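The values are calculated or read from the model by the stated rules, or taken from the named source; none is laboratory data. Since the structure is predicted, the reported quantities are computational estimates derived from the model, not experimental observations. All Cβ positions, glycine included, derive from the backbone under ideal geometry; neighbour counts span all protein chains shown. Accessible surface is based on the protein model in full, side chains and every heavy atom, while ligands, DNA and RNA are left aside. Shrake-Rupley method; radii C 1.70, N 1.55, O 1.52, S 1.80 Å.
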Amino acid sequence: MTRVRRAAAALTLPLLLATGCGIATTGVVESGRAGTVKLATAPDPGLLYFIAPDGALVPVPVSDRMQRPDIGFTIGVLLQGPGEAAREAGLTTELPEAQRSTGGTDHVRAAVKADGDGKTLRVVLPIPVEPLSGAALRQLACTALAAAHGSPAPEILLIGTESKERRAECVTRPGPTADREG
C-alpha cells in the first residue's frame, strides 16, 4: 500500500463515523404529556428546638406521627425534653421538664391564643416563665413559630403559671444579647 492509499483509508474511517451511517436527523417528536411521579411523603411532623453543644438552636422533628400537630401539643412535647436520639447527638434543653414541674404523668399541653390581627401569639405555659434563661425563651419561641406556620411571623408572648408575661424571639444563633432577654 502506498502512502496516499494509507492516508485515504485513515481519513475515510473517521468521515464514515462522523456522518452517522447515513441516518438523517429528526426534530422533536410529540408524544403526549410529560410523565409525572407521585411521591409518598411523610406528614409534616412539627419541629422542636433544642440546644446544640455550641449554643445554637437545632430543629428536631416531633417523633409523634400526628400530621401538623397543634402549637399547644408541640410545646408540650418540647417541655418533655430531648428524646434519646437527640440526647445522644449532644442536644440539651434549658427548659424544666414539664412532667417534673407539674407533677403529672399525662402529656402536658400549652394553651395558645392568637390575637385577632395575628400579630401576637400568646403561649400559656404550665411552668413559670420568670426563671427561664434566654436560651429557654428562644427554644419556646422557635418551636411555637415553627408550629404556627404563619407568615409574617407573629410576636411571641409567653405567659407562665405565675401570670407573668415575657416576650420571646426566635434566634437560632445566640449573639451577645441573646441570653439576656427579658
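How many residues are out of contact with any Pro (no Cβ under 6 Å at 6 or more places or on another chain), more than 23 Å from residue 174 (Cα to Cα) and either modelled with pLDDT of 85 or more or of a type outside the set (Gly, Ala, Ser) (or both) if we restrict to region 95-117?
Adding up the residues that qualify gives 10.
Of the residues 172, 120, which is open to solvent by 40 Å² or more (accessible area, probe 1.4 Å) and modelled with pLDDT under 90?
172
If we keep just the residues of region 154-169 that are β-branched (Val, Ile, Thr) and either under 14 Å from residue 144 (Cα atoms) or surrounded by 15 or more Cβ atoms within 10 Å (Cβ to Cβ) (or both), which is farthest from the chain's Cα centre (by Cα)?
Going through the qualifying residues, I end up with 159.
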